[in-house]
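> Let me give you the structure first, and then I'll get to my questions.
The numbers here are math on the coordinates, done by the rules we state, and not lab data. Just so it is clear, the structure is predicted and the values come from calculations on it, not from any experiment. Cβ placement follows ideal geometry from the backbone for every residue including glycine, while neighbour counts extend to all protein chains displayed.
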Amino acid sequence: MPDKQVYEYAVLRYLPQVEREEFLNLGVIVFSKRLRYLGVKYRVDEARIRAFHPEADPDEIAAYLKGWDEICADGPSGGRIGELDHAGRFRWLTASRSTVIQCSAVHPGLTDDPAAELERLFDFYLG
């Protein structure tokens, strides 16, 4: 177990009517400071989204989530937030907000492979 490092994750959720607090899981974001990792994986399943909320616009949801990809990736496409270090970007993305895309509470764990943990969590929450 000494090779394992702390990581944190949150589940990305779609809340079409924020005040009702009903949500549909869309993806997962994983961060490990020690392993210098920040990754996000999501799925925009149009049929599932429309079954949950018929007035939803899956293209708009996909565009919003593409911004998460850009912020997680190192490079200029993430804008000013993308210039922050991994921890700063993760904290910004998982901060509480009143939008139709929100994150669950942040949860900790131990891993030696955060990319594999992202896949495992994605399968668990969206499988």
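> Restricting attention to segment 59-77, which residues are hydroxyl-bearing (S, T, Y) and more than 16 Å from the chain's Cα centre (by Cα)?
Looking only at segment 59-77, we keep the residues that are hydroxyl-bearing (S, T, Y), and these are 64, 77.
The answer is S77, and nothing else.
> Across segment 37-62, what is the number of residues that are surrounded by 14 or more Cβ atoms within 10 Å (Cβ to Cβ), assigned to a helix (DSSP H, G or I), without any contact (Cβ under 8 Å) to a residue 24 or more places away in the chain and aliphatic (A, V, I, L, M)?
Qualifying residue count, segment 37-62: 1.
> Considering only segment 63-89, how many residues are small (G, A, S), part of a helix (DSSP H, G or I) and surrounded by 15 or more Cβ atoms within 10 Å (Cβ to Cβ)? Outline the logic, then answer.
First, pick out the residues of segment 63-89 that are small (G, A, S): 63, 67, 73, 75, 77-79, 82, 87-88.
Now drop any that are not part of a helix (DSSP H, G or I), which leaves 63, 67, 77-79, 82, 87-88.
Still in the running and surrounded by 15 or more Cβ atoms within 10 Å (Cβ to Cβ): 67, 78, 82.
Counting residues in segment 63-89 that are small (G, A, S), part of a helix (DSSP H, G or I) and surrounded by 15 or more Cβ atoms within 10 Å (Cβ to Cβ) gives 3.
> Further, regarding this structure: Collect the residues in segment 2-36 that are in a loop (DSSP other than H, G, I, E, B) and touching a strand residue (DSSP E or B) at 6+ places or on another chain (Cβ under 7 Å), keeping them in residue-number order.
Hits for segment 2-36 are K4, L15, F23, R34, L35.
> Looking only at segment 12-30, count how many residues are closer than 17 Å to D123 by Cα and surrounded by fewer than 23 Cβ atoms within 10 Å (Cβ to Cβ).
Here the count works out to 3.
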